[in-house]
Amino acid sequence: MQLYNSATHKKEEFTTHTPGRVEMYTCGPTVYHFAHIGNLRSYIMEDALEKYLRYEGYDVNRVMNITDVGHLSSDADTGEDKMLKGARREHKTVMEIARFYTDAFFDDCRKLNIKTPEVVQPATGLIDEFIKVVQGLMDKGYAYFAGGNVYFDTSKLDRYYVFNDHDEEDLAVGVREGVEEDLNKRNKNDFVLWFTKSKFEDQALKWDSPWGVGYPGWHIECSCISMKYNGEYLDLHCGGVDNAFPHHTNEIAQSEAYLGHPWCRQWFHVHHLNSDNGKMSKSKGEFLTVSLLEEKGYDPLAYRFFCLQSHYRKALVFSWENLDNAAKAYQKLVKRIAALKPADGPVDQAVLAEYKATFIERVGNDLNTALGVTCLYDALKADTNDATRLAILDSFDRVLSLSLLDKAAELRAKEAAQARASSASGGFTVTGEGDPEIDALVLRRAEAKKAKNFAEADRIRDELRTRGVEITDVPGGAVWKKI
Ligand code: AMP
Ligand code: ZN
């Protein structure tokens with residue numbers, strides 16, 4: 001596969017330390033609130049990347065942290081602990097908040113067909129390991145103790161790698177407007193490995209350490225969790241583009257200082273989902289969740305479809321109109337697949353192989369999922385039988401994960417049930433927007449009319465009207481829609 005590596009700023013041939021095996025790490029969520037659909041854009045694209053690598057035949061070991069301690073409201077070690085903020089907002093303990101939002105995150109992932117990584121490690125479960133690595137950095141002279149905290153000394157590195165897309169001004173974290181300078185830092189880019197002192201006194205989670213009772217910095221958790229479960233050589237590290245600096249920069253600094261050799265060969269950064277007024281973010285408090293999309297009647301997979309239609313290295317603007325278009329296109333696609341006849345002959349293996357090769361050529365070019373979606377439409381038009389078309393679609397869906405064949409089977413079953421209901425009701429057909437309760441009311445109204453019970457028929461029409469449903473009588477049935 002050709003993949004853009006944000007560490008080298010080039011599209012490169014994807015390589016691994018051990019042939020055939022990918023050690024992959026993903027920065028997990030900070031569980032102080034629901035994930036918003038922006039966060040989930042990152043996880044959808046990372047999921048597609050993992051599944052694509054598997055499609056090419058790699059064995060993938062994917063590791064993810066859950067940040068339940070240490071992430072302050074500024075990524076640069078200042079501000080309030082995000083978990084504490086969440087706990088205070090909801091009058092709960094930090095661990096209650098962590099458990100609740102971790103479960104909520106995986107519920108969202110399940111609805112979006114995002115696979116759970118092989119290893120999921122909450123930061124609070126690996127404190128001894130963090131202490132071991134911080135001690136190792138102290139022993140090697142890469143860390144110092146000042147004002148009660150342990151800091152990483154960036155001046156000890158040959159090179160503080162910053163992914164190049166930040167200028168000097170951005171890096172001057174300690175002197176940025178609105179951010180208090182930490183006078184304990186020897187260099188402006190130094191960062192905290194272990195806190196015993198901070199601006200707020202009521203830190204709920206604390207552990208004993210050689211430097212006093214305290215808690216780990218945010219960056220150290222990802223390095224340690226990856227080194228423990230991925231080993232010393234990481235092939236692929238993923239995250240949203242806001243993680244690149246300072247989080248990933250600091251991960252590189254401390255991992256390479258600790259290990260004494262290069263650590264991660266490829267970096268994959270997903271660009272942001274933006275709303276009209278800029279980046280969607282949890283801290284702004286106003287954001288969209290998967291549950292909200294569901295409440296508004298959207299299938300979460302329509303959101304996945306929306307994300308796959310654009311490239312991960314471009315910012316994506318969310319609007320209801322754009323989501324509507326994606327939802328309609330997704331429904332139409334499912335409908336076309338449902339119209340294929342599953343058992344109309346043997347699968348033509350040569351045609352299947354030819355289509356798979358084209359899919360790999362297109363999606364394998366820097367994870368071009370939009371072209372992957374185009375391949376679905378090509379498969380529908382393929383010059384072959386339906387069984388082969390379905391086999392091609394099923395194969396592509398191993399990467400795209402849109403549940404295409406399952407949704408098509410559901411639709412077929414629903415249409416069959418409707419046809420049965422229609423013949424049971426003397427050939428009267430109800431066409432609507434897929435709400436069985438409304439279908440039943442419309443049918444009851446037709447039966448009342450047939451029995452000349454016009455009062456009951458009018459009553460049902462009024463009831464439907466108050467529910468925002470408009471009925472139009474057509475030959476052989478009725479059509480309804482929500483207005
Ligand atoms: P957090 O829970 O804040 O630690 O973020 C979880 C993941 O979502 C990280 O990989 C972030 O880089 C990513 N992320 C945050 N905001 C957005 C956004 N608006 N669009 C896409 N990804 C985002
Ligand atoms: Zn991380």
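The values are calculated or read from the model by the stated rules, or taken from the named source; none is laboratory data. Because the structure is a prediction, the values reported are computed rather than measured. Note that each Cβ is placed from the backbone with ideal geometry, even for glycine, and that neighbours are counted across all protein chains shown. Keep in mind that these areas ignore ligands, DNA and RNA; they rest on the heavy atoms of the full protein, side chains included. Shrake-Rupley method; radii C 1.70, N 1.55, O 1.52, S 1.80 Å.
The C-alpha atoms of the chain define a longest principal axis, and helix 94-111 lies at about 40 degrees to it.
Using heavy atoms of the protein chains and a probe of 1.4 Å, the accessible area assigned to TYR144 is about 10 Å².
For the peptides 29-41, 299-311, 95-107, residues were scored by their other Cβ atoms within 10 Å and the scores averaged per peptide; the highest-first order is 29-41, 299-311, 95-107. Of all aspartates and glutamates in the structure, those lying under 16 Å Cα to Cα from LYS414, and not within fewer than 8 positions of it along the same chain, are ASP406, GLU433, ASP435, GLU437, ASP439. Take every Cα pair under 8 Å whose residues are at least 6 apart in sequence, average their separation, divide by the length of the range 296-402, and the relative contact order is 35 percent. Among the listed pairs LYS328/LYS381; LYS341/LYS482; LYS335/LYS356, those whose Cα-Cα separation exceeds 25 Å are LYS341/LYS482. Annotation: amide H-H contacts under 5 Å for LYS11 (H modelled 1.01 Å from N, sequence separation of 5 or more, or interchain): ASN5. Here the chain exposes an accessible surface that is 50 percent carbon and sulfur, computed with a 1.4 Å probe and the other protein chains kept in place. In this Cβ point-charge picture (+1 for Lys and Arg, -1 for Asp and Glu), the range 360-457 has a dipole of about 560 debye about its Cα centre. Computed from backbone phi with θ = phi - 60° and the Karplus coefficients 6.51, -1.76 and 1.60, the 3J(HN,Hα) list for the range 439-454 is 3, 5, 5, 4, 5, 4, 5, 5, 5, 4, 5, 4, 7, 6, 8, 5 Hz; x is used for glycine and proline. Here the chain is assigned +1 on the Cβ of each Lys and Arg and -1 on the Cβ of each Asp and Glu. Its dipole about the Cα centre then comes out at about 1520 debye. Between 0 and 90 degrees, the angle of helix 320-338 with respect to the longest Cα principal axis of the chain falls at about 60 degrees. Quick check: the angle from helix 349-363's long axis to the longest principal axis of the chain, C-alpha only, nearest 10 degrees? Between helix and principal axis, roughly 50 degrees. Ranked by the mean number of other Cβ atoms within 10 Å of their residues, highest first, the peptides 433-441, 218-226, 249-257, 352-360 come out as 218-226, 249-257, 352-360, 433-441. In order along the range 138-151, phi translates into HN-Hα couplings of 4, 4, 8, x, 8, 9, 9, 9, 8, x, x, 10, 9, 10 Hz, rounded to whole numbers, per the Karplus curve 6.51 cos²θ - 1.76 cosθ + 1.60 with θ = phi - 60° and x for Gly and Pro. Shape of the range 1-151 from its Cα gyration tensor (a ≥ b ≥ c, root eigenvalues): rounded if a/c is under 1.5, otherwise prolate when a/b > b/c, or oblate? Here the range 1-151 falls in the oblate category. Between the residues TRP267, VAL317, SER291, the greatest Cα displacement towards the positive end of the dipole of the range 246-323, with unit charges on the Cβ of Lys, Arg, Asp and Glu, is found for TRP267. Packing order of peptides 391-398, 135-142, highest average first: 391-398, 135-142 (average count of other Cβ atoms within 10 Å over each peptide's residues). Among beta bridges identified by DSSP and lying wholly in the range 16-284, the antiparallel ones come to about 40 percent. Across the chain, the mean sequence separation of Cα contacts (distance under 8 Å, 6 or more residues apart), normalised by length, yields a relative contact order of 16 percent. For the chain, adding -39500 (n - 2.57) for each run of n ≥ 4 DSSP H residues and dividing by the number of residues yields -14000 deg cm²/dmol at 222 nm. With an a/c value of 1.5 or above and a/b not larger than b/c for the gyration tensor axes a ≥ b ≥ c computed over the alpha-carbon atoms, the range 296-402 is described as oblate. Each label was represented as a point 7 Å from its Cα along the Cα-to-Cβ direction; for ASP139 and GLN331 these points are 6.3 nm apart. Projecting the Cα atoms of TYR151, LEU376, VAL22 onto the charge dipole of the chain (Cβ charges, centred on the Cα centre) puts LEU376 farthest toward the positive pole.
Rolling a 1.4 Å probe across the protein heavy atoms gives the range 16-284 an accessible surface of 39 Å² per residue.
On a per residue basis, the range 419-482 carries 61 Å² of accessible surface, using protein heavy atoms and a 1.4 Å probe.
Here the range 296-402 is assigned +1 on the Cβ of each Lys and Arg and -1 on the Cβ of each Asp and Glu. Its dipole about the Cα centre then comes out at about 360 debye. Using a cut-off of 26 Å between Cα atoms, the listed pairs LYS296/LYS407; LYS188/LYS228; LYS296/LYS481 include LYS188/LYS228 as exceeding that distance.
DSSP finds beta bridges in the chain, and of those with both partners inside it, around 50 percent are antiparallel.
How much accessible area per residue does the range 296-402 have, in Å², with a 1.4 Å probe? Each residue of the range 296-402 exposes 45 Å² on average to a 1.4 Å probe. Of the beta bridges in the range 221-288, as assigned by DSSP with both residues counted there, near 25 percent are antiparallel. Candidate cross-link partners of LYS82 among the lysines, defined by an alpha-carbon separation under 17 Å and a same-chain spacing of 8 or more, comprise LYS92, LYS197, LYS199, LYS206, LYS282, LYS284. Phi angles of the range 467-483 translate, via the Karplus equation with coefficients 6.51, -1.76, 1.60 and θ = phi - 60°, into HN-Hα couplings of 8, x, 10, 10, 10, 10, 7, 10, x, x, x, 9, 10, 10, 8, 7, 10 Hz per residue; Gly and Pro are given as x. Database remark: amide H of HIS237 closer than 5 angstrom to the amide H of TYR25, GLN266, TRP267, PHE268 (H placed geometrically; neighbours at sequence offset of 5 or more, or on other chains; Pro and chain starts carry no H). Among rounded, prolate and oblate, which fits the range 419-482 when a ≥ b ≥ c are the square roots of the eigenvalues of its C-alpha gyration tensor, a/c under 1.5 means rounded, and a/b larger than b/c means prolate? Oblate is the answer for the range 419-482, as a/c is 1.5 or above yet b/c matches or exceeds a/b.
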